[in-house]
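The values are calculated or read from the model by the stated rules, or taken from the named source; none is laboratory data. Every value quoted in this text rests on a predicted model; they were computed, and no experiment measured them. Note that we place each Cβ from the backbone using ideal geometry, even for glycine, and neighbour counts take in every protein chain shown.
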Amino acid sequence: MQKFNWALVILFIWGLEAQAKVQDNTQKGIHLDLGAVQTRLEKKWDAPTGYENLVSSLTGYVRLRGTVPLGKRIVWEPSLGTLLPWKSGVDGMTRKFTSHLDLTLSYPLLPWLRVRLGPGLKWLFLHGDGGEVVLNNGTSTSSFYTPGYASHSFVVTAQTGLSCILTSKISLNFELYGTGIFDHLRRSFDAAATLGWRL
């Protein structure tokens, strides 16, 4: 019984310290988040064996995230992130650059755990040098031609995430990005895990 009482005291002290860490970590400032993104999760689980990495990829991710308190508990966390390095398409001739602009709000679930929700904008920039690509069409090969120009598109996203406050400077972040949420044919999900440093 005495061990249980000591455990409660330690848990209480840890809770007070964790609350102080949350307060420090969510003050107005800038965070640098480094980690990885797994793209198109829904395709990874449905792809035939051997094709998982062609439809879904694990890519490095860097993000700058601001924290702007809007009250005692709610924090606005706008962020700008990009996938690194540039990806080459299956043809090897088209380079793809992807970035995210997020306008999320965070709210504490526990003294050391915050939930993030909000809209975002995904920017996809494609650049091709143009040229011929010979691909297998089943029984023989065919020539296909890639464009020699740049194009870009913007997609509205919805984001949800969790932020675990480890210290006053360090946090562990998990995000889920959804596009085409209301269209079952275009619905897609990306997941990110990052370690954040308060600058």
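So here's what we get for this one:
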read-out: Candidates PHE189, PHE154, PHE125, filtered to the one that is under 23 Å from THR94 (Cα atoms) and touching an Asp or Glu at 6+ places or on another chain (Cβ under 8 Å); value: PHE189
read-out: Evaluation of GLN23 against (1) surrounded by 13 or more Cβ atoms within 10 Å (Cβ to Cβ); (2) of a type outside the set (Ser, Thr, Tyr); (3) within 17 Å of SER171 (Cα to Cα); (4) at pLDDT 75 or above (one fails), failing number; value: (4)
read-out: Residue list for segment 181-199, filter: in contact (Cβ under 8 Å) with a residue 12 or more places away in the chain and outside any strand (DSSP E or B); value: ILE181, ARG187, LEU199
read-out: Single residue of GLY196, GLY161 found to be within 18 Å of ALA36 (Cβ to Cβ), of a type outside the set (D, E, K, R) and touching a helix residue (DSSP H, G or I) at 6+ places or on another chain (Cβ under 9 Å); value: GLY196
